[in-house]
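This report concerns only the one structure given below.
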Amino acid sequence: MTNLSPNFTFEELTHTDHREFDNTPNAEETANLERLALFLEQVKETLGGKPIMVNSAFRCKQVNDAVGSIDSSQHRIGCAAD
């Protein structure tokens, strides 16, 4: 596993149940995921170190369409996490 920060991995932030699609971010999207992971570390610290479960972060266009989200979703560029 590739860590983007102490507690968040690349695999965790790109995971999808829609495995029929290649959900691999490009270099710019990966850089956004690295910043997102650092932000999530700050959230975790603010919550006293409690676990944060990420259900969805980066979504390629095909995955984003499959979940019924809009094209302007910040998930598309690696700048959102649920």
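The values are calculated or read from the model by the stated rules, or taken from the named source; none is laboratory data. If you're wondering where the values come from, they're calculated on a predicted model, not measured in any experiment. Glycine gets a Cβ as well: all are built from the backbone with ideal geometry, and neighbour counts include every protein chain shown. Side chains are part of the model used for accessible areas, which takes the heavy atoms of the whole protein and leaves out ligands, DNA and RNA. Shrake-Rupley method; radii C 1.70, N 1.55, O 1.52, S 1.80 Å.
A few notes on this one:
- Farthest toward positive dipole pole in the stretch 1-74 [+1 Lys/Arg, -1 Asp/Glu at C-beta], among S5, T24, Q62: S5
- Helix-only [θ]222 nm of the chain, DSSP H runs n ≥ 4, -39500 (n - 2.57) each, per residue, nearest 500: -11000 deg cm²/dmol
- Rounded tilt (10° steps) of 27-46 against the dominant C-alpha axis of the chain: 40 degrees
- Dimensionless Rg over Rh [the chain; C-alpha; Kirkwood]: 0.96
- Portion, in percent, of the accessible area of the chain that falls on carbon or sulfur, probe 1.4 Å: 53 percent
- Over the stretch 22-73, accessible surface divided per residue gives 63 Å², non-protein components excluded, 1.4 Å probe.
- Magnitude of the charge dipole for the chain, about its Cα centre and with charges confined to Cβ atoms of Lys, Arg (+1) and Asp, Glu (-1), is about 180 debye.
- Going by accessible surface with a 1.4 Å probe and the largest first, F58, F39 read F39, F58.
- Largest-first ordering by accessible area, 1.4 Å probe, given options K44, K50, K61: K50, K61, K44
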